[in-house]
Structure formats: structure tokens, C-alpha cells
Amino acid sequence: MLFRDIVTASLQAIRANAMRSMLTMLGIIIGVAALITMVSLGTGAQRSVQSRIEALGPDLLTVFPGQSFRGGVASETRVSVTVDDALALARDARYLKAVVPELSRNIQVASGNKNINVNVVGTTPNYVAVRRFTLTAGRMFSDGDDAARKRYAVVGASIPRMLDLNAGSMVGREISIRAIQFEVVGVLAEKGSQGSFQNLDEQVLIPLQTARYRIFGTDRLRAVTVQLSDVSQSSVAMIDVERVLRREHKIRPGGDNDFQIRRQADLLSTLENTTKTFTRLLAGIAAVSLIVGGIGIMNIMLVSVTERTREIGLRKALGATRGRILFQFLTEALVLCMVGGFIGILVGSAGAIILSHVNKWNTSISPFAIGLAFLFSAVVGVFFGLWPARRAASLDPIIALRYE
């Protein structure tokens, strides 16, 4: 009963000065809303990165050409990674499930009177499975098509739109690559950049041998993607890939590698860590807003104690203990912060949803963030309301009754 009466009295005191109470809560509302919105953006970004890692494949390594070294000094010429290197990896590496050579250039692709410049990739049929693509129409070219140097093409999801064509009508249509006609046999599903510098939807896949002998006239690869048979042995697999390539490139013991091996997930993991740090930074900035709001509440509670000095004296004269006076004013501060926190949660959640729909940002409203913001607002209320409450409780009733 005592607790209910004190809460009721606190709400009545807040209601008696509604405008002042709302302005006082504004700092808490802004702080909580900012905290919810920023954490939602950060959590959404983290989940986006995690989904990219899953889509890209944590079991993939990529081998890139590097530089040759003479006397410990890098030369200006880049050493090639060739089709023979890819064949050696497929033959001799012990921890690999698949090897995908990629021979690519940016080339003009034409259809009718439309001409676009996109990435043309000569690769093997297992590219789709290893890179976790799916096809929305048609099929992937086969090993037989590759061996026969067929002029078949599988286009990315954005290519039909870039050529002003319908994706469903692309299969069977002919496109021109360096004035050579290719038949489109498949259309890939949308995938996006997946953390790379190239949009994987804006590419055209053709058989490796066709690209090697009909289009590019070289066996120098842009990269070799390898799929691990066991993700837990990625470090051992990298060493094994390095062993095979050093042997193929005839690098002496102690010499520097003239190639680079990268884990596809490393870049996205770095991005995820950066996103986490950025989220904590934003949450910290929002927390500062809450502290500023708490200072405002402490200020207004001190004003309230001064205004109600005679009321405090009267209550003490009628038998109210110091603890009850302390509890009442502490409850008023706590109620102000809790109400402000609740409104801030609603505003912050609405802000995250609006940003998600308007700017197409990835947001995720975390129940943990909501609970944390609500708890933090309560802590702010108790911390900043304690001094005014103790000041009210320590007033001498005789002096308080004489106060004008």
C-alpha cells in the first residue's frame, strides 16, 4: 500500500507539471531513441555481414598472382597464375574439395543495338556450386561443353536488365563477345557484391577453354578459387596449397612467394569486427545523451525540492520518516526516466523501421538493446535522482515549515 501510494503521489506531481515533466523527459527520450536506432543499425549490419559470409562460403580460399622477388626486392612484373597451376592443385593438393580457375577481363558484350562493358569470366562448370550460385533459368554449361570449346554463356542477374531484356527470354538468345556469337544457356540468381569490389550480378560466364582459346588467347588466370574439404583444417589447407604452388613456380626454400592466398571470409570478418566497433561507438554516443538527460532530471528535481519545501516540512511534522521522503522523490525521478525510456523505445523502434524502408538499410531491433536501454534509463533515474531525494529527506521540518 505504501509503495502504491508513493507511486500515485509521484504520478500526480508529474501530472501537475506536465509540460515541465515532458521537457525534462526529452533528454531521456532522445537518448533511448538514439540508442535503440543506432544499435538496430549496427546489429542489422552485423547480420548482413554474417549472411554475406554464409553466401560467399567460409570454406573458400582464393589464389591471386603476386610479384617476383630478386635479392629480397620485388620486381615490377607480376608473376602469372596459370591453368597448369589450377590443374596441379586439383591433382596434388590433399585438403581441397574443388578447384575453380577464373580467367576474366572486362569486355564489351552486345545484344542487338545494346552494348555494355562487363566482366567476362572463363571458368569451369563447378563455379556455380562452389560460389553458391543458383540459376533462375536454363542450365550451367557442362564439362563436355568446356572440352568442346562451346560458345555458351551463363549471364548474371543484372545482365538482362542492362541489355533491356527480360530475364525469362534470355535463354536461347545470342549475345556477342568480341564479335563472336554466344548462346545464352542460363541466367544466375541475384547475389550482389558479397563484399567484393565487383558486382557478381554483372558478369558473364563462359567455358574456360572457350575463353582461353577463342576470346583471351592466354592461360593466365585472374584467380583460382579452391573449396576446402574441411573448414576446420583451413590453416593446414593453406600450407598445402602454398606447397604445391611453390613447387610449380620453382621457388627455392626461404624464397618469397610470388602469389597470394586469401581466405574469402577474412575480409568480411574484418568488416564484421569494424561494424561491431562502430556499433559500440554509436551506442556510447547515445549513452552520453542519456547521461545529459539524467543531469536535466537531477536539475528539475532539485527545483521541485525547493518548490515543495513546505510540503516536505508538513509531511515530516505529520510523521513521515526520512526514508519515506527519500523514497517518494527517488520514485518521482525513476518514474520520469522510465516513462521517458518507454517513449524513447517506441520512437527508436519506429526510427529503425523507417530507416529500413526509406533508405533500404539493414536494421534489426534487438530485444537485448530494448532491455538495456530501459534498464539504463532506470539506472540514470536512480543515480541522478538520489541527490535531490537525499536533500529533500534531510530537510529540518521546522525550517521547512518556515520556508516562504
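The values are calculated or read from the model by the stated rules, or taken from the named source; none is laboratory data. What you are looking at is a predicted structure, and each value in this text was computed from that prediction instead of being measured. With ideal geometry, Cβ positions are generated from the backbone for all residues, glycine too; neighbour counts draw on all protein chains shown. Heavy atoms of the whole protein, side chains included, go into the accessibility calculation; ligands, DNA and RNA do not. Shrake-Rupley method; radii C 1.70, N 1.55, O 1.52, S 1.80 Å.
Name the pairs whose Cβ atoms lie under 6 Å apart, with the first residue in the range 300-311 and more than 22 Å from Leu26 (Cα to Cα), the second of a type in the set (Gly, Ala, Ser), and 6 or more positions between them or separate chains?
Pairs found: Thr309/Ala400.
Please tell me if Arg322 is without any contact (Cβ under 8 Å) to a residue 24 or more places away in the chain and open to solvent by 60 Å² or more (accessible area, probe 1.4 Å). It would help to see each step written out before you state the result.
On the way: without any contact (Cβ under 8 Å) to a residue 24 or more places away in the chain: no; open to solvent by 60 Å² or more (accessible area, probe 1.4 Å): yes.
Criteria not met by Arg322.
Mind telling me which of the residues Lys97, Lys114 ends up being in contact (Cβ under 8 Å) with a residue 40 or more places away in the chain and more than 25 Å from Pro65 (Cβ to Cβ)?
Lys114
Answer yes or no as to whether Gly313 is assigned to a helix (DSSP H, G or I), open to solvent by less than 30 Å² (accessible area, probe 1.4 Å) and touching a Cys at 6+ places or on another chain (Cβ under 9 Å).
Here the answer is no, as Gly313 does not meet what is asked.
Gly385 - would you say it is touching a Leu at 6+ places or on another chain (Cβ under 7 Å), open to solvent by less than 40 Å² (accessible area, probe 1.4 Å) and on the phi < 0 side of the Ramachandran plot?
yes
Given Ala223, Ala211, Ala179, which one is over 30 Å from Gly340 (Cα atoms), open to solvent by 80 Å² or more (accessible area, probe 1.4 Å) and at pLDDT 80 or above?
Matching residue, one of Ala223, Ala211, Ala179: Ala179.
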